[in-house]
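First the structure, in the form of structure tokens, and then the observations on it.
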Number of protein chains: 4
Amino acid sequence: MPTLDQLTAALRTFVADRDWQQFHDPKNLAMLVASEAGELLAEYRWVRGEEADAHSREPQARARIAAEVADVGIGLLLLCDRIGLDLGEAIAGKLAANAQRYPAEASRGRAERPAGLRPGSE
Amino acid sequence: MPTLDQLTAALRTFVADRDWQQFHDPKNLAMLVASEAGELLAEYRWVRGEEADAHSREPQARARIAAEVADVGIGLLLLCDRIGLDLGEAIAGKLAANAQRYPAEASRGRAERPAGLRPGSE
Amino acid sequence: MPTLDQLTAALRTFVADRDWQQFHDPKNLAMLVASEAGELLAEYRWVRGEEADAHSREPQARARIAAEVADVGIGLLLLCDRIGLDLGEAIAGKLAANAQRYPAEASRGRAERPAGLRPGSE
Amino acid sequence: MPTLDQLTAALRTFVADRDWQQFHDPKNLAMLVASEAGELLAEYRWVRGEEADAHSREPQARARIAAEVADVGIGLLLLCDRIGLDLGEAIAGKLAANAQRYPAEASRGRAERPAGLRPGSE
């Protein structure tokens, strides 16, 4: 499996070969992430929650989902590279903050606020 | 920098410790990715494109942006883990497909369709 | 109930009084719509589909949902006003196009593609 | 121009004729709004802010933008109808709340927080 650094290097070459850096200011890349996330969302839009796992295994749906997941990931890596952010460290840092904010005992099985995965946003 | 595998392992523990798997069907996780992408988007909403790089370096904005980037990344990794998808391989595969779809020469500097980063969606 | 024209007039005054037109180019307004849609999405993120109607009636959730729905609507109306588009006519036009694209008989109860509500996007 | 009530009535017939109510729980409709908002966003993704007005007048882009705006509006109206919310009143109510939260004098021309269009979200 390629590392984040290897993927970032490949993306950088891909973009430079097409002279697309000019379009990739951080604002546009945030829009790329969000619009691709909207396409990923569309894949599950009419699927019942209980059937979402099975839907994710159905070959045609799976290929589309993988492509949309990849597009969101590409957008994130392009943005991180542009603004000099290490995605892996950002995730590790956020996970550490979440662990403090949502103590395991107090949070166990409570659906009300596992918005808990986005502390700071409330 | 932690690898995707290490991050996924840490996330899995975090979620299991809180018994949150029950909320994490793929549909809900796609919603998590999209709503966090919306928060990332909000960070750049009123920023001019030419000022988006500088905005991304301003310490307070940077901390918020890093947190939102991390949240999107966490959502993606949770989804990939749930449906058994390797994020790194999905990105590498999509990049290879994009390279075919957008030949470097023909695509150079053409803004019209570097929607090109999302073949299949048009 | 206020008409779309009345709401648009009120929004125009609100924005002019604060000299916010300068931030409201169509790109920024599309970002406003999408980021507010992300907040609306977050309201239903961990709610089971079968419980989403009841959740929408719970007073506190309802107030938040109404506020997010309004924010998306405000963004849409601001965008329409900026680019000279009549929202009501656009919706009526799209509905007519959808009626042709999704003949009632052939589409009845078929979940596969009531993505049908967005012809042209596939 | 059709009123919101007229549009809602037309949508209700359209959906009933196809027996699509079964897919339209509020959670799915929030996903519809957000995924369509993502498609609207994509229309402006690589367009510079200064060129977004001109882009919105270009006939082919305009037709796509109108269709995406309509799709978001359709999603909003379907959601409002499902949960018994009056969209016009919700917008009027939010605008009144915003007027209090963002006094004209204090807010004039200040870009920092015309996130001001979404009080309550911060």
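Bear in mind these aren't lab numbers, they're just calculated from the coordinates by the rules spelled out. Remember, predicted model here, so these are calculated numbers, not experimental data. Cβ coordinates were reconstructed from backbone atoms using ideal geometry, including for glycine residues, and neighbour counts include every protein chain displayed.
Data overview
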quantity: Among D:ASP19, D:ASP71, D:ASP86: highest mean-square fluctuation, GNM of chain D, C-alpha pairs under 10 Å; calculated: D:ASP19
quantity: Distance in nm between pseudo-label sites at C:ALA106 and A:ARG110 (7 Å out along the Cβ direction from Cα); calculated: 5.2
quantity: Top of B:VAL47, B:VAL69, B:VAL33 by mean-square fluctuation, Gaussian network on chain B, Cα under 10 Å; calculated: B:VAL47
quantity: Whether the protein assembly as shown is rounded, prolate or oblate, judged on the alpha carbon gyration tensor where a/c under 1.5 counts as rounded; calculated: rounded
quantity: Nearest-to-axis residue of chain C, judged by beta-carbon position, where the axis maps C onto B, in Å; calculated: C:GLY38, 1
quantity: Where trypsin sites (Lys or Arg not before Pro) in DSSP loops with at most 16 other Cβ within 10 Å are excluded, longest remaining stretch of chain A; calculated: A:1-107
quantity: Helical mean residue ellipticity (222 nm; -39500 (n - 2.57) per DSSP H run of 4+; nearest 500) of chain A; calculated: -22000 deg cm²/dmol
quantity: Cross-link reach list, lysines versus B:LYS94, counting only Cα pairs under 25 Å and skipping chain neighbours closer than eight places; calculated: A:LYS27, B:LYS27
quantity: Net length gained if the chain between D:MET1 and D:GLN21 were fully extended (0.36 nm per residue, minus Cα distance); calculated: 4.6 nm
quantity: Shape call, chain C: gyration tensor on alpha carbons, a/c limit 1.5; calculated: oblate
quantity: Inter-copy separations for A:ASP17, label at 7 Å along Cα-Cβ, nm, ascending; calculated: 4.3, 4.9, 5.6
quantity: Counted charge near B:ALA104, where neighbours are those whose Cβ lies closer than 13 Å (Asp, Glu -1; Lys, Arg +1); calculated: +1
quantity: Shortest-first distances to equivalent copies, position B:GLU105, nm, label 7 Å out along Cβ; calculated: 5.3, 6.7, 6.9
quantity: Inter-copy separations for A:ASP5, label at 7 Å along Cα-Cβ, nm, ascending; calculated: 1.6, 6.5, 6.6
quantity: Rounded FRET efficiency, nearest 0.05, which uses the C-beta distance separating A:GLU89 from D:GLU50 and R0 of 35 Å; calculated: 0.50
